[in-house]
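Asker: Attaching a single structure in structure tokens format; questions to follow.
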Amino acid sequence: MVRVLFVCMGNVCRSPMAQCVFEELVRREGLEGEVESDSAGTHAHYHLGDPPDPRAMESAAARGLDIGSQRSRLFEPEDCERFDYVLAMDEENYREVSASCDRVSSGAEVGLFLDFAPGVPETEIPDPYYGGPEGFERAMDLAERASGGLLDHIREHHLSRHV
């Protein structure tokens, strides 16, 4: 089983959207028993146990995805040992999870989610929390691009029989 953790600040916008987009792709490809994902926030104590932001849910629903059952949780150093990939939405969260994973000497691959988005000039998924619906749409677009690249990478490095 390959396990992927998506991380943002509060775990109510970007990382839940990334998780649902990636999970839908995994489902479409018939890999549910081989790849699983979760999401967390480095500062999720502000939203601990909360569902995703309503604007995130609306943006996901517009694409036929339901993220209403997700609940915000705090990123923990132990996540570095439980997951094969710990992917941050931006540099600030990357630095935080990278430092945590370094402290526990994990084997997790820690990086930026958009590193898996070929041809995308951005390196970070901008935080849409303080903006309007267009920011959530852009975050979903970027998550879709990166999810495809991430799944291709996982296939190549972990699921060679599915290439």
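The values are calculated or read from the model by the stated rules, or taken from the named source; none is laboratory data. Just so we're clear, the structure is a prediction, and the values are computed from it rather than from any experiment. Ideal geometry is used to build each Cβ from the backbone, glycine not excepted, and the neighbour counts take in all protein chains shown. Surface accessibility is based on the protein's heavy atoms, side chains included, excluding ligands, DNA and RNA. Shrake-Rupley method; radii C 1.70, N 1.55, O 1.52, S 1.80 Å.
Yes/no per residue for (1) polar (S, T, N, Q); (2) under 18 Å from D127 (Cα atoms); (3) free of Cβ contacts under 8 Å to residues at least 12 places away in the same chain; (4) out of contact with any strand residue (DSSP E or B) (no Cβ under 6 Å at 6 or more places or on another chain):
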site	(1), (2), (3), (4)
F6	no, yes, no, no
R14	no, yes, no, no
A18	no, yes, no, no
V21	no, yes, no, yes
R55	no, yes, no, yes
S59	yes, yes, no, yes
P77	no, no, no, yes
D90	no, yes, no, yes
E96	no, yes, no, yes
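Asker: Can you say whether P133 is open to solvent by 40 Å² or more (accessible area, probe 1.4 Å), under 19 Å from P54 (Cα atoms) and either among the basic types (K, R) or over 15 Å from the mean Cα position of the chain (by Cα) (or both), as far as the supplied structure shows?
Answerer: Considered against the rule, which asks whether it is open to solvent by 40 Å² or more (accessible area, probe 1.4 Å), under 19 Å from P54 (Cα atoms) and either among the basic types (K, R) or over 15 Å from the mean Cα position of the chain (by Cα) (or both), P133 comes out as yes.
Asker: When you go through V120, V97 one by one, which is the residue that is of a type in the set (V, I, T) and surrounded by fewer than 19 Cβ atoms within 10 Å (Cβ to Cβ)?
Answerer: Answer to the check: V120.
Asker: For the stretch 133-161, which positions are over 20 Å from E34 (Cβ atoms) and touching a residue at least 12 places away in the same chain (Cβ under 8 Å)?
Answerer: P133, F136, E137, R138, A139, M140, L142, A143, E144, R145, listed by residue number.
Asker: Also: Would you say R138 is basic (K, R), out of contact with any helix residue (DSSP H, G or I) (no Cβ under 8 Å at 6 or more places or on another chain) and assigned to a helix (DSSP H, G or I)?
Answerer: yes
Asker: Follow-up question, since we're still on this one. Please tell me if L112 is under 14 Å from the mean Cα position of the chain (by Cα) and among the aliphatic types (A, V, I, L, M).
Answerer: Yes; evaluated as a whole, the condition is true for this residue.
Asker: Restrict the check to the stretch 33-50 and report whether at least one residue is closer than 30 Å to G132 by Cβ, assigned to a loop (DSSP other than H, G, I, E, B) and touching a residue at least 60 places away in the same chain (Cβ under 8 Å).
Answerer: No - not one qualifying residue is present in the stretch 33-50.
Asker: I'd like the full set of residues that are buried (at least 17 other Cβ atoms within 10 Å of the Cβ) and more than 16 Å from the chain's Cα centre (by Cα), limited to the stretch 24-49.
Answerer: Result: L31, H47.
Asker: Here's something else I'd like to know. Looking only at residues that are assigned to a helix (DSSP H, G or I) and touching a helix residue (DSSP H, G or I) at 6+ places or on another chain (Cβ under 7 Å) in the stretch 1-23, which one is surrounded by the most Cβ atoms within 10 Å (Cβ to Cβ)?
Answerer: Residue satisfying both the conditions and the ranking: R14.
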